[in-house]
Amino acid sequence: MNIELADLRLFVMIAECGNLTHGAARAFLSPPAASARIKAMEQEIGQQLLVRKNKGVELTPSGDALLRHARLVLRQFDFLTDDMTNAQMGHLRIYANTTGVTEFLPAILARFLADHPGVRVDLQERLTQEIIRAVADGTADIGIISGTEGRDGLERLRFATDRLMLAVPSGHPLAHHDQVSLEQTLAFEHIALHDGSTLLDFLRRQLRRSAFDRQLRIQVRSFEAMCRLIEAGVGIGVVPESAALRHLQTMDITLLALADDWAVRDRSILVRRWADLPQSAQRLIDLLVEKEAGGAEV
């Protein structure tokens with residue numbers, strides 16, 4: 001089978017856009033030229049890859065399989081190019097949970113990018129299952145999750161502990177406790193992060209298991225906004241320890257340990273295969289592990 005890398009890139013762009021015209025534009029080709037190249041690929045492979053529809057295109061089962069492999073082939077070629085040209089150059093794609101994106105990755109990325117000025121980083125906040133799928137299919141080079149979820153075939157490296165705490169206003173009826181269970185908090189209004197955040201997705205599962213049947217009182221975009229509203233007496237909220245301790249320094253809130261087993265989880269790095277990563281990605285992972293080994297709170 002003889003397929004050029006340029007054709008694989010075109011196919012991935014069309015598949016991701018769900019539209020031949022838009023995918024062709026991303027590849028700087030005319031729609032007829034892109035269509036001809038896709039047809040040539042289908043003839044070479046001996047399988048139909050796309051079904052043309054009124055509003056775009058849909059992948060066939062063979063197209064789905066090609067997309068998975070094409071992403072991996074193209075990323076490995078990008079890694080090869082990065083390592084052969086300059087270890088200080090490249091493009092890393094990182095999918096991470098809410099705590100990673102907002103709490104510890106900014107400081108680590110600042111240090112990493114200062115040492116690697118030619119490296120570009122695409123950092124996206126995603127739900128845990130999206131992170132796992134993205135690493136597995138090559139959409140993301142590095143995934144950062146909390147908990148035990150994973151997938152066979154991926155390499156996992158634990159690098160920190162993700163401890164969740166309950167933040168309440170000073171003087172709140174729960175404030176005199178050192179430790180509470182989630183069930184003990186159900187009578188009070190909860191404040192949480194926005195829809196699409198990993199922590200909210202995780203917390204909603206725990207609330208459902210505890211028979212919390214009301215709507216969340218308010219949802220916000222950041223842990224700082226959560227703690228401000230908690231300080232003002234609007235409600236209570238579950239917050240990662242790193243964020244909670246930082247905001248405790250400037251806000252009148254009280255932090256309580258959560259007695260539930262799920263409140264303490266491992267933070268892990270997911271990759272397809274460490275040995276296949278470019279040097280820049282390996283160095284970034286080293287920084288994450290070194291920060292934990294040094295005893296710094298992340």
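Treat each spin label as a single point 7 Å out from the Cα along the C-beta direction, and report the Leu255 to Ala6 distance in nm.
In this crude label model, Leu255 to Ala6 measures out at 5.6 nm.
Within a 10 angstrom radius of the beta carbon, how do Phe28, Phe188, Phe112 rank from fewest other beta carbons to most? Could you put the intermediate results ahead of the total?
Values: Phe28 9, Phe188 15, Phe112 19.
By the 10 Å Cβ count, ascending: Phe28, Phe188, Phe112.
For the range 161-263, just run the numbers: alpha carbon Rg, then divide by 2.2 N^0.38 Å, N being how many residues it has.
Taking the Cα Rg and dividing by 2.2 N^0.38 Å, one obtains 0.95.
Please report the spacing between the Cα centers of the range 88-107 and the range 203-263 in Å, no decimals.
Taking the Cα centre of each part, the range 88-107 and the range 203-263 sit 23 Å apart.
So who's got an amide H within less than 5 Å of the one on Arg217, skipping anything under 5 residues away but keeping other chains? H placed 1.01 Å off N, in plane.
His190
Using a Förster radius of 45 Å, what is the FRET efficiency between His177 and Leu157 based on their Cβ-Cβ separation? Nearest 0.05, please.
Computed FRET efficiency for His177 and Leu157 comes out at 0.80.
Run the quick spin-label model on Arg283 and Gln43: label points 7 Å from Cα toward the beta carbon, then report their separation in nm to one decimal.
4.6 nm
Divide by every residue of the chain the summed helix terms, -39500 (n - 2.57) for each DSSP H run of at least 4, and state the resulting mean residue ellipticity at 222 nm, rounded to the nearest 500 deg cm²/dmol.
Values: 10 runs with 125 residues, N = 298.
When only DSSP H runs of four or more count, the value is -13000 deg cm²/dmol.
Fewest Cβ neighbours within 10 Å first, please rank Ile94, Ile145 accordingly.
Fewest to most other Cβ atoms nearby, the residues stand as Ile94, Ile145.
Residues with amide H under 5 Å of Ile144's amide H, sequence separation 5 or more or different chain, H placed in the peptide plane at 1.01 Å from N; which?
Result for Ile144 returns Tyr95, Ala96, Asn97, Leu270.
Identify which of the listed values of Rg and Dmax of the Cα atoms in Å was calculated from the structure shown: (i) 22.9, 72; (ii) 19.0, 61; (iii) 18.7, 55.
Computing Rg and Dmax of the Cα atoms in Å and matching it to (i) 22.9, 72; (ii) 19.0, 61; (iii) 18.7, 55 gives (i).
How far is it, in nm, from the label point at Val234 to the one at Glu149 when both lie 7 Å from their Cα along the line to the Cβ?
With each label placed 7 Å out from Cα toward Cβ, I get 2.7 nm.
Which trypsin sites (Lys or Arg not before Pro) from the range 189-298 combine a DSSP loop assignment with at most 11 other Cβ atoms within 10 Å? Don't jump to the answer; show the numbers that get you there.
Details: sites: Arg204, Arg205, Arg208, Arg209, Arg214, Arg217, Arg221, Arg228, Arg246, Arg265, Arg267, Arg272, Arg273, Arg283, Lys291; in loops: Arg214, Arg217, Arg221, Arg272, Arg273.
Listed in order of number, the matching sites are Arg214, Arg221, Arg273.
First select every other residue whose beta carbon is under 12 angstrom from the beta carbon of Val264; then total the charges, Lys and Arg +1, Asp and Glu -1.
-2
Name the residues whose placed amide hydrogens come within less than 5 Å of the amide hydrogen of Met165, ignoring near sequence neighbours (fewer than 5 apart) on the same chain.
Result for Met165 returns Val239, Glu241.
Hey, got a sec? Which trypsin sites (Lys or Arg not before Pro) in the range 1-75 land in a DSSP loop and have at most 13 other Cβ atoms within 10 Å? Provide the component values of the computation, followed by the final result.
On the way: sites: Arg9, Arg26, Arg37, Lys39, Arg52, Lys53, Lys55, Arg68, Arg71, Arg75; in loops: Lys55.
Those satisfying the criteria are Lys55.
For Thr81 and Cys17, FRET efficiency with R0 = 25 Å and r from the beta-carbon atoms, rounded to 0.05?
Efficiency computed from Cβ-Cβ geometry: 0.55.
Read-outs: derived from the displayed coordinates by stated rules, not from any lab. All figures in this text were calculated on a predicted structure; none of them were measured in a lab. Note that each Cβ is placed from the backbone with ideal geometry, even for glycine, and that neighbours are counted across all protein chains shown.
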